[in-house]
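A short worksheet on the structure shown next.
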């Protein structure tokens, strides 16, 4: 019989589709945990059947987390508690981070067992820059809030990664196209499953493709390329910025502020500022 796990919290990544992606270490921890905190016991029961074990489970999700968390943390003093989501890595778009925070604050051991993550898997399929990326989770469903969220990240020089549902995909892509322009993007779905696909193109092309099509099935990850290089600031841009800065700063400081903001020559801007003040 396998030895019991040490007491504490074990964060266990589970497959996002293909059950063969469950790591041997993850299977071992799930087989030996005293209790498994789950989003949906039916989903996790299927995974446990796949590895041929039965373990006690307790629900832990958005709707009960506040009430359940203190009891789970208390159990970690003498028991091993494994945390799983329905698919992928816990804490990504779920309330698990508070459990980790409280477990650590109580002095319990916290161990991570890494594995599948849809956001990272989609990045590998998209063929877009991966050196710097920003995970956005799900955008707001309402049009104004969604547009505001897109505007907030429009200037960030990183590949954007977000989750979306099939029925909302067309509207999401249209909003991204309107807010970000003609960036390259990819729509990935059913990752690791039989019908895995990554459809690439510009945001407007993808928005048109999914505008009137039946909602695609499966979990969907949208990847959007970072913005292109900004156009160099023109003399007119410098003049406009200087005129504004001179309303609140002396010429020297105004020239320095505009030079830093627009990447223009400070000495040239200072001379121009003196001309404008006269």
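For residue 247, only one of the following conditions fails: (1) touching a residue at least 12 places away in the same chain (Cβ under 8 Å); (2) surrounded by fewer than 15 Cβ atoms within 10 Å (Cβ to Cβ). What is its number?
(1)
Could you say which residue among 255, 271 is surrounded by 19 or more Cβ atoms within 10 Å (Cβ to Cβ) and free of Cβ contacts under 8 Å to residues at least 24 places away in the same chain?
Selected residue: 255, the only one of 255, 271 that is surrounded by 19 or more Cβ atoms within 10 Å (Cβ to Cβ) and free of Cβ contacts under 8 Å to residues at least 24 places away in the same chain.
Please enumerate the residues belonging to the range 36-53 that are more than 16 Å from residue 90 (Cα to Cα) and surrounded by fewer than 18 Cβ atoms within 10 Å (Cβ to Cβ).
Scanning the range 36-53 gives 42, 45, 46, 49, 50, 51, 52, 53.
I need every pair where a residue in the range 19-34 that is under 17 Å from residue 46 (Cβ atoms) has its Cβ under 8 Å from the Cβ of a residue that is at pLDDT below 95 and surrounded by fewer than 16 Cβ atoms within 10 Å (Cβ to Cβ), sequence separation at least 6 or different chains.
What qualifies is 31/2.
Only one residue in 129, 141 is in contact with a strand residue (DSSP E or B) (Cβ under 9 Å, 6 or more places away or on another chain), in contact (Cβ under 8 Å) with a residue 24 or more places away in the chain and part of a loop (DSSP other than H, G, I, E, B). Which one?
When all the criteria are applied, what remains is 129.
Anything in the range 83-99 that is over 16 Å from the mean Cα position of the chain (by Cα), farther than 21 Å from residue 46 by Cα and crowded, with 17+ Cβ neighbours inside 10 Å? List them, or say none.
Listed by number, the list holds a single entry, 99.
Within the range 154-180, how many residues turn out to be surrounded by fewer than 16 Cβ atoms within 10 Å (Cβ to Cβ) and free of Cβ contacts under 8 Å to residues at least 40 places away in the same chain?
The total comes to 1.
Quick check on my filter: what residues within the range 204-233 are closer than 20 Å to residue 122 by Cβ and over 20 Å from the mean Cα position of the chain (by Cα)?
205, 206, 207, 209, 210, 213, 215, 216, 217
Can you confirm whether residue 65 is surrounded by 17 or more Cβ atoms within 10 Å (Cβ to Cβ), in contact (Cβ under 8 Å) with a residue 24 or more places away in the chain and either under 22 Å from residue 22 (Cα atoms) or in the same structural domain as residue 48 (by TED's automatic domain parsing) (or both)?
yes
Say we look at the range 207-223 and pick out the residues that are on the phi < 0 side of the Ramachandran plot and in contact with a strand residue (DSSP E or B) (Cβ under 6 Å, 6 or more places away or on another chain); which of these is surrounded by the fewest Cβ atoms within 10 Å (Cβ to Cβ)?
Top of the filtered list is 216.
Among the listed residues 139, 125, which satisfies the condition of being surrounded by fewer than 18 Cβ atoms within 10 Å (Cβ to Cβ) and either in the same structural domain as residue 183 (by TED's automatic domain parsing) or modelled with pLDDT of 95 or more (or both)?
Only one candidate passes the filter, namely 125.
Consider residue 197 against the criteria (1) surrounded by 13 or more Cβ atoms within 10 Å (Cβ to Cβ); (2) more than 24 Å from the chain's Cα centre (by Cα); (3) free of Cβ contacts under 8 Å to residues at least 24 places away in the same chain: it satisfies all of them except one. Which criterion is unmet?
(2)
Of everything in the range 3-21 that's in a loop (DSSP other than H, G, I, E, B) and within 21 Å of residue 110 (Cβ to Cβ), which residue is modelled with the lowest pLDDT?
So, considering only residues that are in a loop (DSSP other than H, G, I, E, B) and within 21 Å of residue 110 (Cβ to Cβ), the one modelled with the lowest pLDDT is 3.
Only one of (1) under 19 Å from the mean Cα position of the chain (by Cα); (2) touching a residue at least 24 places away in the same chain (Cβ under 8 Å); (3) on the phi < 0 side of the Ramachandran plot is not met by residue 190, so which one is it?
Going through the list (1) under 19 Å from the mean Cα position of the chain (by Cα); (2) touching a residue at least 24 places away in the same chain (Cβ under 8 Å); (3) on the phi < 0 side of the Ramachandran plot, residue 190 breaks only (3).
The values are calculated or read from the model by the stated rules, or taken from the named source; none is laboratory data. This structure is a prediction, so every number in the text was calculated from the model and none was measured. Positions of Cβ are backbone-derived with ideal geometry, glycine not excepted, and every protein chain shown enters the neighbour counts.
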